[in-house]
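Q: If you scroll down you'll find the structure; I have some questions about it.
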Amino acid sequence: GFLVNVLSHEKFAAGQCDTNFLDKTKELFDIEESKDRATKILNFIGNVVVNERKGAKPEFENILAPGTESLEIKKGSKDMLDELGAKGYAEWVKAQKRLLITDTTMRDAHQSLVATRFRTRDFVKISDATSKYMNDLFSLEMWGGATFDVAYRFLKESPWERLETLRTKIPNVMFQMLLRASNAVGYRNYPDNVIKQFIEESAASGIDVFRIFDSLNWVENMKLPIQEALKTGKLVEGSICYTGNILDESRLKYNLDYYVKMAKELEAQGVHMIAIKDMAGLLKPYAAHKLVKTLKEEVSLPIHLHTHDSCGNGVSTLMMAAEAGVDVVDCALEAMSGLTSQPSMNSLIEALKDTPRDTELNLDEIVKVDDYYKELRKAYFSFESDLKTTSAEIYKYEIPGGQYSNLKPQVESLGLADRFHEVKEKYKMANELLGDIVKVTPTSKVVGDLAIFMEKNDVDNENIYELGKNLSFPDSVVDYFKGMIGQPEGGFPKELQEIVLKGDQPISCRPGELLPDEDFEGIKAELEKKFGIKQTMKDVVSYCLYPKVYEDFLEHNLNQYTDVSNLESHVFFYGLRKDEECEVEIEEGKTLSIRLIDIGETKKNGQRTVTFELNGIRREVDIQDNN
Ligand code: PYR
């Protein structure tokens, strides 16, 4: 390629070259670079077909979004936030008669149904239609929670780029994120300067609504992130995580008074709205009515309800909340709703039509976006759980949506497939042993880890005090009892705490107080030296949150492979079938056409030769077979 480039260059052909010709004529080397990238893409696809793909690849069509270029972008909630400010906008929300809707399709819905695997490319395709057909939403929940980690770890793309790209494509509707208070978008408490910087960067990149929760409902852990989020001028929702059952008067800990007290504490922190975060779908319809009605009486802020449909009562819960005056509710587009995800927006819109809480949303238009997701979801089939029905047993086990759909494969991978029922029973038992705690990331992981540990070691709630003395507990359980996630309501169960900590002393202050600040400039310099590319403050924050995951991402995209975000998702996840062809735009105007010809047998050196046709020319790559 290079020689051809030189020989065919017009200056060379015209004899207008001196000894500096090679140094001065940079474009001669372009071909080397794009050839290198093409090879890396072939290597990537080769690796998927040899090592990643399990079973035959089904037929997929490239999914197309509805054509919306000729439509104009109408005013939306983001424009109103900019006009009225956060406080003014919250007042506007409170004054509305209609029920306002958040669409979680771009965040919690795929987190709960397909292990958070939706890729930016697929969102970008539907972004114009989303902006034009769904401008009457309260917000799009599209960032935070698990999306940040999964983007880097599994999708090999930057979550910041997702946020910023979608922001330019959807300028009119508020973007909402889920922030795990002092755990940011991770699984542990981070130093205060990381939390502050993360919030500042998120707001600057396009987040309008910060929904902030603490996994133990410990307000102490929420104060700093709430104050930082308020400084950005964006809308701040203080969340109360719902657990237990306020209708059951025998359960004293998480009763109505508990939630009212917490809502008032959050109101005193200056938040603009209160979110009820029912992450396991435990809020029964009549409980929702009672809770919302009481909160509306006791606090002056608008109430935003989030639930999951795991138990099958999701729409009823939203309806009863609507009856009681809830201001905003979370739903997902029908294609991505139900089961462990949010209740269906389509069903709710129809249910409330011609009633005082009519959402005034245009279902005919929304269905055009929904239809896209119906097709898109097919490309993510390998991440679907095998749950076929709702599970009212979750009222008993209190397992959050995302964890419930994940627990079975997790249990299977540990060789406990036939003991799923026992693990669920142990989950309930573990919750009680830990002090009957709120269960949501990361405390839900503590309970899950303890449950699996108990099942594996034949430990129950009676013999744990004896057997536990000679067992080392999972790290997450040790961290919990050390106080490194925060303080649970009612304190730690002392006897088990001593057994788990084995002499270590727990803390009772906010973990963030003890964690030293990260050295952002030092980290930036180190990363730039190691990877040879400029690092922004966002990159540095990503490293602080997930050091190994972030470095692996850079290694993947800079050295091992290249940027693969432009592959269609069915190619990204399952490669190509024999004779199947795909097109990849590697830069503007430069498209590769790739056809898979053959996958060779494994050779003595453990490699397989994968043969492609790249723009009509035969190319082979050798791929290590790891199976
Ligand atoms: C998350 O923290 O990711 C939840 O969805 C609760």
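Q: Would you mind computing, in nm to one decimal, how far apart the modelled labels at residue 249 and residue 552 are, each placed 7 Å from Cα along Cα→Cβ?
A: 5.2 nm
Q: Go through 398-406, 370-378 and give me the packing order, highest mean Cβ count within 10 Å leading.
A: Ranking the peptides 398-406, 370-378 by packing returns 398-406, 370-378.
Q: Per the helix-only calculation at 222 nm, which mean residue ellipticity applies to the chain, given -39500 (n - 2.57) for every DSSP H run of n ≥ 4 and division by its residues, nearest 500 deg cm²/dmol? Working shown, then result.
A: Numbers: 28 runs with 279 residues, N = 627.
Dividing the helical sum by the residues of the chain leaves -13000 deg cm²/dmol.
Q: Sticking with this structure for a sec: May I ask you to give the percent of accessible area on the chain that is carbon plus sulfur, with a probe radius of 1.4 Å? Write out the running numbers ahead of the final one.
A: On the way: 12480 of 26050 Å².
That share works out to 48 percent.
Q: Rank by packing, highest mean first: peptides 205-214, 81-90, with packing defined as the count of other Cβ atoms within 10 Å averaged across residues.
A: Working: 205-214: 25.2, 81-90: 16.5.
Final packing ranking: 205-214, 81-90.
Q: Go ahead and run the numbers for FRET between residue 168 and residue 374, Cβ-Cβ distance against an R0 of 25 Å, rounding to 0.05. Kindly include the intermediate steps, with their values, before the conclusion.
A: On the way: r = 26 Å, r/R0 = 1.05.
My answer for the efficiency is 0.45.
Q: Could you list the residues of segment 416-443 with an amide nitrogen less than 17 Å from a label point located 7 Å from the Cα of residue 462 in the Cα-to-C-beta direction?
A: Residues 426, 429-430, 433 qualify, since their backbone N sits under 17 Å from the label point.
Q: Suppose the chain between residue 619 and residue 269 were pulled fully straight at 0.36 nm per residue; how much longer would it get relative to their current alpha carbon spacing? Could you put the intermediate results ahead of the total?
A: Details: separation 350, 0.36 × 350 = 126.00 nm, distance 6.20 nm.
That works out to 119.8 nm of additional length.
Q: Considering the options 566, 505, 520, tell which one lies farthest towards the positive end of the dipole of segment 486-603, charges being +1 on Lys and Arg and -1 on Asp and Glu at the Cβ, about the Cα centre.
A: Checking the options against the dipole of segment 486-603, the answer is 505.
Q: To the nearest 20 Debye, how big is the dipole of the chain about its Cα centre, given +1 on the beta carbon of each Lys and Arg and -1 on that of each Asp and Glu?
A: Dipole of the chain, to the nearest 20 debye: 300 debye.
Q: May I pose another question? Counting pairs of alpha carbon atoms under 8 Å apart in space and at least six apart in sequence, what relative contact order in percent does the chain give?
A: Values: 1120 pairs, mean separation 103.7, N = 627.
Here the relative contact order equals 17 percent.
Q: Cα centroids of segment 175-245 and segment 561-607: how far apart, whole angstrom?
A: Cα centres, segment 175-245 to segment 561-607: 40 Å.
Q: Moving on to the next point. With the contact rule set at Cα under 8 Å and sequence spacing of 6 or more, what percent relative contact order holds for segment 101-148?
A: Working: 43 pairs, mean separation 31.0, N = 48.
Normalised by residue count, the contact order of segment 101-148 is 64 percent.
Q: Within a Cβ distance under 11 Å of residue 188, other residues only, what is the Lys/Arg minus Asp/Glu net charge? Working shown, then result.
A: Working: positive: 180, 445; negative: 475, 479.
So the environment of residue 188 carries a net charge of 0.
Q: Here's another thing I want to ask about it. Filter 296/396; 40/590; 234/293; 132/590; 57/578 down to the pairs with a C-alpha to C-alpha distance above 19 Å, please. List each step's numbers first, then the result.
A: Values: 296/396 28 Å; 40/590 15 Å; 234/293 27 Å; 132/590 30 Å; 57/578 10 Å.
Long pairs (Cα-Cα over 19 Å): 296/396; 234/293; 132/590.
Q: List the aspartates and glutamates whose Cα sits under 17 Å from the Cα of residue 456, skipping any in the same chain fewer than 8 residues away.
A: Within reach: 412, 418, 422, 425, 466, 475.
Q: When DSSP assigns beta bridges and you keep just the ones with both residues in the chain, what percent turn out antiparallel, to the nearest 5? Before the final figure, lay out each step's value.
A: Working: 19 of 50 bridges.
Here the antiparallel bridges make up roughly 40 percent for the chain.
Q: Would you mind checking segment 237-263 for residues with the amide N under 17 Å from a putative spin-label position 7 Å along Cα→C-beta of residue 297?
A: 246-247, 255-263
Q: Within 10 Å, count the other beta carbons around each residue, average over each peptide in 449-457, 221-229, and list them highest first.
A: Numbers: 449-457: 20.8, 221-229: 22.4.
Peptide ranking by packing, descending: 221-229, 449-457.
Q: Could you compute the FRET efficiency for residue 59 and residue 472, with r as their C-beta to C-beta distance and R0 at 56 Å, rounded to 0.05? Each step should come with its number before you reach the end.
A: On the way: r = 49 Å, r/R0 = 0.88.
Using R0 = 56 Å, I get an efficiency of 0.70.
Q: Is the C-alpha gyration tensor of segment 541-618 telling us rounded, prolate or oblate? Criteria: a/c under 1.5 is rounded; beyond that, a/b larger than b/c is prolate, otherwise oblate.
A: Details: a/c = 2.54, a/b = 1.44, b/c = 1.77.
Oblate.
Q: What is segment 243-387's relative contact order, in percent, from Cα pairs under 8 angstrom and six or more apart in sequence? List each step's numbers first, then the result.
A: Details: 218 pairs, mean separation 25.3, N = 145.
Dividing the mean separation by the residue count of segment 243-387 yields 17 percent.
Q: Okay, moving on. Could you report segment 427-472's accessible area per residue, 1.4 Å probe, as an integer in Å²? Each step should come with its number before you reach the end.
A: Working: 1800 Å² over 46 residues.
Result: 39 Å² per residue.
The values are calculated or read from the model by the stated rules, or taken from the named source; none is laboratory data. Not measured: the values here are computed from a predicted model. As a convention, Cβ positions derive from the backbone with ideal geometry for all residues, glycine included, and neighbour counts pool all protein chains shown. Keep in mind that these areas ignore ligands, DNA and RNA; they rest on the heavy atoms of the full protein, side chains included. Shrake-Rupley method; radii C 1.70, N 1.55, O 1.52, S 1.80 Å.
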